[in-house]
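Data block below; observations after.
The values are calculated or read from the model by the stated rules, or taken from the named source; none is laboratory data. Just so it is clear, the structure is predicted and the values come from calculations on it, not from any experiment. When we count neighbours, we look across all protein chains shown, and the Cβ atoms used for this are built from the backbone with ideal geometry, even at glycine.
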Amino acid sequence: MRVLVTGGAGFIGSHTVVALLEAGHEPVVVDNLSNARRSVLARIGEITGHHPEFHNADVRDRDAMKSVASAGFDACIHFAALKAVGESVEKPLLYYDNNVGGTISLLEVLIAADITTFVFSSSATVYGDPTILPVTEEMPIGVATNPYGWTKIMMEQVLRDVQDANPEWSVSLLRYFNPVGAHPSGLLGEDPLGTPNNLMPYVARVADGQLPRLRVFGGDYPTPDGTGVRDYIHVVDLAEGHVAALGTHSGDAGVHTYNLGTGQGSSVLEVVKSYENVSGKTIPYEVVERREGDVAANWADVTRAKSVLGWKTSRDLAEMCADSWRWQQGSR
Ligand code: UFG
């Protein structure tokens with residue numbers, strides 16, 4: 001399949017482009033490089049032996065997107081979006097414009113070009129603070145605690161409505177839990193600008209001596225060790241989930257919603273311990289106040305993805321930490 005991949009130079013996008021190439025598809029990358037490097041394209045080439053076509057464009061640029069889309073595609077996977085929770089609180093309009101506005105603009109272009117299979121980068125954040133764990137896809141959408149989360153909820157709704165109005169459309173909503181790790185080659189990974197907000201990139205920099213200590217946000221949650229529990233998923237497993245969704249639902253009219261996670265929760269302290277084991281470094285930490293907007297625990301019921309997509313994760317927390325550490329050491 002010829003697949004238009006927006007945000008294909010970013011963290012999850014680049015790993016998905018690799019997985020698509022390895023599965024014999026033909027991805028074409030569109031990225032405005034606002035949070036990605038051009039060198040990622042060469043690295044994808046190094047890993048796969050294929051150099052995907054690349055367009056430096058913003059999804060909100062209708063003319064540019066029309067021109068790219070006119071070449072003809074079987075499907076679109078839409079990753080391009082902003083994702084920093086704190087920044088979204090400070091600059092809500094930037095987030096609504098980029099994420100929601102960008103998606104609307106892209107959908108108009110795809111409808112005009114008759115590209116009707118769409119895979120969307122959604123998030124477990126749409127569940128809000130889940131009352132029952134693990135969360136299933138049937139659980140009602142929750143209340144977001146920040147504008148970033150609202151953009152994911154809104155974009156899902158836009159897509160359900162667009163599918164309703166265009167019944168031939170196939171829309172897959174992939175709700176990611178906590179994507180971490182890096183490509184085992186050490187060539188692709190997450191490269192946050194400034195101080196990382198997310199746990200694993202932060203731990204990586206502490207292990208590397210770039211940051212003095214981890215602040216563990218909250219030690220009094222109702223979890224086994226009192227720290228927050230999340231369903232961390234290796235980015236390569238996540239990337240393969242996209243290929244599985246595309247394979248199952250290409251041309252398959254309807255809205256198809258999946259949790260992509262391992263189905264297992266790990267606490268902050270379990271992540272720290274695993275990272276210490278694989279890196280051989282000590283990770284100093286202090287337990288501080290809870291971070292506003294955080295939930296105690298969130299992990300996925302992945303039954304549907306297993307049974308319908310025939311997809312499941314195969315990489316455990318130790319492998320996520322080991323690949324993150326390899327990337328961290330190479331990216332200095
Ligand atoms: N944590 C720390 N210290 C840190 C960073 C994180 O203790 O320096 C803890 C958090 O409190 C949480 C866990 O590590 O318990 C994971 O935090 P992350 O920031 O890595 O991930 P989140 O679960 O908060 O974030 C995820 C997605 C976001 C999404 C958010 C919604 O990565 O895209 O859920 O809550 F917006």
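Sort out which residues of the range 152-175 are surrounded by fewer than 21 Cβ atoms within 10 Å (Cβ to Cβ) and among the basic types (Lys, Arg), and write them in order of number.
Answer for the range 152-175, where residues must be surrounded by fewer than 21 Cβ atoms within 10 Å (Cβ to Cβ) and among the basic types (Lys, Arg): just ARG160.
Identify, from the list VAL162, VAL235, VAL272, the residue that is within 16 Å of VAL287 (Cα to Cα) and in contact with a helix residue (DSSP H, G or I) (Cβ under 8 Å, 6 or more places away or on another chain).
Testing whether each residue is within 16 Å of VAL287 (Cα to Cα) and in contact with a helix residue (DSSP H, G or I) (Cβ under 8 Å, 6 or more places away or on another chain) leaves just VAL272.
Applying the selection to the range 276-322, what residues are of a type outside the set (A, V, I, L, M, F, W, C), over 22 Å from THR136 (Cβ atoms) and touching a Lys or Arg at 6+ places or on another chain (Cβ under 8 Å)?
Once the filter is applied, which keeps residues that are of a type outside the set (A, V, I, L, M, F, W, C), over 22 Å from THR136 (Cβ atoms) and touching a Lys or Arg at 6+ places or on another chain (Cβ under 8 Å), the range 276-322 yields PRO284, TYR285, GLU286.
Sort out which residues of the range 152-167 are within 18 Å of the chain's Cα centre (by Cα) and either assigned to a loop (DSSP other than H, G, I, E, B) or among the acidic types (Asp, Glu) (or both), and write them in order of number.
In the first step, residues of the range 152-167 are kept if they are within 18 Å of the chain's Cα centre (by Cα); the result is 152-156, 159.
Once the filter is applied, which keeps residues that are within 18 Å of the chain's Cα centre (by Cα) and either assigned to a loop (DSSP other than H, G, I, E, B) or among the acidic types (Asp, Glu) (or both), the range 152-167 yields only GLU156.
Against the definition (touching a residue at least 12 places away in the same chain (Cβ under 8 Å) and either assigned to a loop (DSSP other than H, G, I, E, B) or of a type in the set (Val, Ile, Thr) (or both)), how does ARG304 come out, yes or no? Step through it out loud before you land on a result.
Values: touching a residue at least 12 places away in the same chain (Cβ under 8 Å): yes; either assigned to a loop (DSSP other than H, G, I, E, B) or of a type in the set (Val, Ile, Thr) (or both): no.
Spelling it out, it is not the case that ARG304 is touching a residue at least 12 places away in the same chain (Cβ under 8 Å) and either assigned to a loop (DSSP other than H, G, I, E, B) or of a type in the set (Val, Ile, Thr) (or both).
Which of the residues spanning the range 279-293 are on the phi > 0 side of the Ramachandran plot and either within 11 Å of the ligand (Cβ to nearest atom) or modelled with pLDDT under 95 (or both)? I'd like the intermediate steps shown before the answer.
First, the residues of the range 279-293 that are on the phi > 0 side of the Ramachandran plot: 280, 293.
Selection gives GLY293 alone.
Can you tell me which condition GLU87 does not meet? The list is (1) in a helix (DSSP H, G or I); (2) more than 16 Å from the ligand (Cβ to nearest atom); (3) of a type in the set (Asp, Glu), and all the others hold.
All conditions pass for GLU87, except number (2).
Taking the range 214-231 only, how many residues are in contact with a helix residue (DSSP H, G or I) (Cβ under 6 Å, 6 or more places away or on another chain) and closer than 30 Å to SER14 by Cα?
3
Exactly one condition in (1) of a type in the set (A, V, I, L, M); (2) within 16 Å of the ligand (Cβ to nearest atom); (3) closer than 13 Å to ASP323 by Cα is false for LEU187; which is it?
Unmet for LEU187, out of (1) of a type in the set (A, V, I, L, M); (2) within 16 Å of the ligand (Cβ to nearest atom); (3) closer than 13 Å to ASP323 by Cα: (2).
If GLU292 meets every condition in (1) in contact (Cβ under 8 Å) with a residue 60 or more places away in the chain; (2) in a helix (DSSP H, G or I) apart from one, which number is that one?
Every condition holds for GLU292 apart from (2).
A quick yes/no check of all residues on (1) among the hydroxyl-bearing types (Ser, Thr, Tyr); (2) in a helix (DSSP H, G or I); (3) surrounded by 15 or more Cβ atoms within 10 Å (Cβ to Cβ):
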position: ILE44; (1), (2), (3): no, yes, yes
position: HIS51; (1), (2), (3): no, no, no
position: SER67; (1), (2), (3): yes, yes, no
position: ALA71; (1), (2), (3): no, no, no
position: ILE77; (1), (2), (3): no, no, yes
position: LEU93; (1), (2), (3): no, yes, no
position: ASN98; (1), (2), (3): no, yes, yes
position: PHE118; (1), (2), (3): no, no, yes
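If we keep just the residues of the range 192-217 that are of a type in the set (Gly, Ala, Ser) and under 20 Å from LEU317 (Cβ atoms), which is farthest from the ligand (Cβ to nearest atom)?
Narrowing the range 192-217 to residues of a type in the set (Gly, Ala, Ser): 194, 204, 207, 209.
Narrowing the set further to residues that are under 20 Å from LEU317 (Cβ atoms) leaves 204, 207.
Working: ALA204: 11, ALA207: 13 Å.
Only one residue fits best here, namely ALA207.
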